[in-house]
Structures are given as structure tokens and as C-alpha cells.
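Take a look at the structure set out below.
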Amino acid sequence: MTHPSIKERFREILLQHNFPQHYYLLAISGGVDSMILLNLFRESSAKFQVAHCNFQLRGDDAIRDEEFVRDYCAKHTIPFHSVKFDVEAYQKTGNYSVEMACRNLRYDWFKEVQKVNNLDYLVTAHHLDDNLETFIINLSRGTGLKGLVGMQIDNGKIFRPLLEFTKSQLIRYAQENNLDWKEDYTNETDDYTRNKIRHHISPILKEIHPQFNTNFLQTLEFLNDNQQIISQQIQLAKTSLFKGENPIRINVDELKKLNPLASYLHYLFELYGFLSTKELIKFLDSNTGSEIKSDTYRLIKDRNDLLLIPIKNSTENEIQILDDFIEINSLNLKFVKSKNPNEYATEIVDFTTILFPLKLRKVREGDFFYPIGMGGKKKLVNKFMKDLKLSKLEKENVWLLCDQNDQIIWIVNHRLDERFKTTQTSKNFLNITLC
């Protein structure tokens with residue numbers, strides 16, 4: 001690719017990604033890559049604003065870079081945002097390297113600026129050499145295919161329109177177009193992993209094969225094609241195996257037929273936060289009621305199925321019933337006092353046997369009641385649910401209707417307590433309806 005075509009190719013990429021429809025936030029450091037990006041955007045008709053991060057790690061040079069980008073934006077009437085970070089203070093909040101701390105700080109701030117200003121995409125000046133460094137870093141960590149496909153030009157959140165250009169191409173473009181930029185002296189040190197790769201590994205690879213950059217770009221295209229094939233196959237497996245919505249039910253025997261099992265488990269469950277394939281394989285042969293959790297989902301073994309359920313933030317475990325007529329919308333229950341039993345009611349209680357206020361609550365260890373039809377014999381609620389062969393999830397969703405003294409009146413939708421049943425002498429009734 002000749003240098004003048006960078007501008008033409010850049011415009012093609014913008015058109016391919018429907019740039020007139022979007023409003024961009026450009027991450028501009030003041031270095032050559034980001035200043036080329038800023039110049040190309042300024043010469044296009046795209047709508048954009050600029051964001052600059054000062055990490056205060058390079059003394060006066062950091063101040064110089066911020067003022068340089070600020071002055072450029074002021075000269076060309078470009079909306080400008082800047083922030084100063086205390087990287088050392090942030091590092092103390094966790095086990096972060098300088099690189100990771102800076103990354104977390106800037107991307108969190110970029111999201112905030114985008115939200116406040118209603119900006120669709122973050123745009124960065126990553127180029128092909130950056131992608132090579134990412135490839136080598138991920139390769140050294142033992143990543144899977146997903147980590148080798150590298151950064152994408154458009155991942156739905158971040159736009160990287162310079163990704164197919166090499167660093168040397170960009171520098172020549174900047175020189176030929178008399179662009180101004182500021183050098184970051186820390187790029188010349190070996191203090192960071194990327195710098196070591198940039199200074200010592202990448203040059204050797206390019207020396208071994210003169211067409212290395214072209215071949216590497218082609219390799220990334222092949223890897224991305226393969227990743228798409230895998231994604232399509234995983235979606236087919238998911239459509240076949242994942243049944244229902246909440247919970248999603250997955251048959252273990254059918255899951256075990258997949259080959260290679262470990263790879264399928266990784267791709268099928270990583271989206272739900274389960275990242276340990278060994279733990280998933282072991283879990284397939286666990287006992288009923290066993291459970292593992294990610295940050296967002298639960299996976300429960302229910303006989304020969306797995307139940308995949310989102311973790312709810314709700315902590316509601318008790319609902320008060322203060323009147324003799326009330327509707328509980330969250331449980332679709334209606335309570336109505338009447339002098340006549342309602343033949344359409346789900347359950348009918350002798351009103352004179354209960355003490356208000358009533359409450360609905362979840363099951364506790366040691367709960368017992370006297371199931372109607374068992375001649376007044378006491379039974380533990382957990383034993384009752386076990387006899388019904390309720391799954392762990394079904395047990396968690398059971399509610400108990402209790403009176404003022406915490407006596408169980410009704411295991412909702414399952415069994416009434418003998419002490420509160422109606423008789424021939426009952427004159428007032430509490431009609432309970434599942435609506």
C-alpha cells in the first residue's frame with residue numbers, strides 16, 4: 001500500500017462502518033499515531049470529540065502533551081475533554097501493574113465521557129504493530145483462538161480504523177504530510193512488556209521474512225474466518241442443547257456427546273462467566289443439587305440436567321399481609337375475606353383460625369407443619385419437598401404463608417396445614433386465589 005492511499009483507505013473504512021450515522025470520541029495522546037487519527041478525522045465529515053488522559057507519570061512532558069492536544073483542538077474548534085489520574089493511588093486499590101492501572105483508568109473514564117456526551121464509539125489509534133504485540137503477549141499466556149485473532153477494527157464498542165497500517169507506514173505518512181506530534185520517551189525504554197516485544201522480538205520477525213507484516217495480516221484474517229466457523233458451530237450446539245429461558249435446561253448426556261468436550265464447554269459457558277473447563281467437566285458428574293456460580297449465573301445439577309439461572313439481586317424473602325383483602329402481584333396471589341367459600345379459589349382457609357398480620361416468607365431450616373390429609377401428623381417442610389421430588393431451584397422458589405405466630409398455614413401451591421382447614425362449622429373464609 002502506498003502512503004497517499006492511507007487517506008483513501010481510511011475514508012473507505014469509515015464508509016464501510018456507516019460513519020455518518022455515528023458520533024465518535026477520539027482517544028488522543030499526542031503521539032504520532034493518535035495525531036494521524038485526529039488529522040484524518042478532521043479532514044473527514046465525521047462528527048467527533050477528543051479525550052486526552054494525563055497519567056502524571058512523565059512530569060513536565062505529560063503537561064506538554066496535554067497542552068499540545070488542547071491547543072490543536074482549540075485551533076480547529078474541536079470539543080476537548082481531559083483528565084488527570086493518580087496512577088499510584090489506584091494501584092494501591094488492587095494488584096495492578098502500571099500498564100493495567102492506566103488501562104483501567106482511561107477506559108472507565110472514556111465510558112463516562114461517552115455516556116455524558118451521548119457518543120456512540122470510542123476510537124483509538126491502534127495499528128498493525130500493536131496487533132502483533134497483542135498477538136505475541138496472548139500467545140505467551142497460552143491463550144485460545146479467541147486471544148489470537150487480535151483486536152478488531154469494529155467490535156461494537158471500539159473503532160480502530162488504523163488497524164491494518166504498520167507503524168512505519170504511519171510515520172512516513174505523518175512526515176510527508178508535515179504533521180506535528182509529541183514523542184513519549186517511555187516508549188524507548190524496556191520497562192513494559194509491549195516495549196520489549198516492540199524493540200527485540202518484532203524486528204527479528206520482520207528481518208527473518210521481508211513480507212512479515214503482509215503475512216501476519218493475512219494470518220489474522222484466516223484466524224478470524226476460523227473463529228466465525230467455530231461461532232456458528234457453537235450456536236448450532238447451543239440451539240440444540242439449551243432449552244427454555246429461566247432456567248435454561250441442558251441435558252448432561254447430550255452435552256457429553258460433544259467432541260472435543262472441553263472446547264465445547266469453554267465456548268458454550270464462557271458467555272455466562274464459567275471460565276474453568278476442568279470445573280465444568282467435573283461438575284457434569286456431580287450429585288443432584290450440586291451448584292457452581294460465576295459472577296452472574298448459577299449452574300445447578302438437577303438429576304440428568306443442568307439448570308442455568310441468572311443470579312438475581314433481589315433480597316426479598318418476606319412479604320407482609322396486613323389486611324384481609326390484598327393482592328401480591330409478584331406472586332400472583334389474591335387474598336379475600338368472605339362469608340362464603342369461593343369455588344374457584346386455589347385454597348380456602350377458616351378465617352377464625354388465623355391471626356393477622358400474615359406473612360409470606362421463604363423456607364427455613366427446621367420449618368414444620370401439619371399437612372392436611374395426614375391425620376394431624378407433623379412433618380418437616382424440607383422432607384415434604386423432598387418427597388415431592390422438587391429440584392433445588394423449585395425448593396428455593398417455594399413460599400410459606402404464615403400467621404402472626406409464624407405458624408405455617410399453607411405451603412403455597414402445594415399443601416394446606418390441617419390446623420387451618422375449613423369445616424362444616426366455618427362461617428368466615430379467607431379465599432386465596434392464584435391469579
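Here are a few things to note about the model shown:
- As a fraction of the 1.4 Å probe accessible area of the stretch 304-407, surface on carbon and sulfur atoms comes out at 48 percent.
- Average accessible surface area per residue within the stretch 39-96, 1.4 Å rolling probe, Å²: 56 Å²
- 10 Å beta-carbon shell around Y23, net charge (K/R +1, D/E -1): 0
- Charged neighbours of K243, selected by a Cβ distance under 14 Å, balance to -3 (K, R count +1; D, E count -1).
- Per residue, the stretch 121-274 exposes 56 Å² of accessible surface when a 1.4 Å probe is rolled over the protein heavy atoms with every protein chain present.
- Solvent-accessible surface ranking, highest first, for Y264, Y96 at 1.4 angstrom: Y96, Y264
- When only Cα pairs below 8 angstrom with a gap of at least 6 residues are kept, the stretch 1-137 shows a relative contact order of 29 percent.
- Karplus 3J(HN,Hα) series, Hz, for the stretch 380-392 with 6.51 cos²θ - 1.76 cosθ + 1.60 (x for Gly, Pro): 5, 4, 4, 5, 4, 5, 5, 5, 6, 6, 6, 6, 4
- Neighbour net charge for K427 - beta-carbon separation under 13 angstrom, K R +1, D E -1: +1
- Prolate/oblate/rounded label for the stretch 115-196 (Cα gyration tensor, a/c 1.5): oblate
- Here's the picture: a label point sits 7 Å out from the Cα of E112 along the beta-carbon direction, and within the stretch 70-85 the residues with their amide nitrogen under 15 Å of it are 81-85.
- Taking a straight line from the alpha carbon of K111, these aspartates and glutamates sit under 14 Å away, with near neighbours fewer than eight places off in the same chain left out: D120.
- Among beta bridges identified by DSSP and lying wholly in the chain, the antiparallel ones come to about 75 percent.
- Length-normalised contact order for the stretch 25-82 - Cα pairs under 8 Å, 6+ apart - percent: 39 percent
- Count, lysine Cα pairs under 19 Å in the stretch 205-313, 8 or more residues apart or across chains: 19
- Karplus 3J(HN,Hα) series, Hz, for the stretch 335-343 with 6.51 cos²θ - 1.76 cosθ + 1.60 (x for Gly, Pro): 10, 9, 7, 7, 7, 10, x, 8, 5
- Percent of C-alpha pairs per 10 Å bin, the stretch 272-417, short to long: 9, 33, 30, 18, 8, 2, 0
- Three-way shape label, the stretch 54-202, alpha-carbon gyration tensor, a/c 1.5: rounded
- By accessible area with a 1.4 Å probe, ligands and nucleic acids excluded, highest first: order of H22, H199: H199, H22
- What you get for the chain, charging only the Cβ of Lys and Arg (+1) and of Asp and Glu (-1), is a dipole of about 1720 debye around the Cα centre.
- Think of the chain as a dipole: +1 on every Lys or Arg Cβ, -1 on every Asp or Glu Cβ, centred on the Cα centre; then among T143, Y370, L322, Y370 lies furthest on the positive end.
- Solvent-accessible area, 1.4 Å probe, carbon plus sulfur percent, for the stretch 10-107: 47 percent
- Our summary gives the chain a relative contact order of 11 percent, counting only alpha carbon pairs under 8 angstrom and 6 or more residues apart.
The values are calculated or read from the model by the stated rules, or taken from the named source; none is laboratory data. Only a predicted model underlies this, so the values are computations on that prediction, with no experimental measurement involved. A quick note on method: Cβ atoms are made from the backbone with ideal geometry, for glycine too, and the neighbour counts reach across all protein chains shown. Ligands, DNA and RNA are stripped out before the accessible areas are found, and what is left, the full protein with its side chains, is counted by its heavy atoms. Shrake-Rupley method; radii C 1.70, N 1.55, O 1.52, S 1.80 Å.
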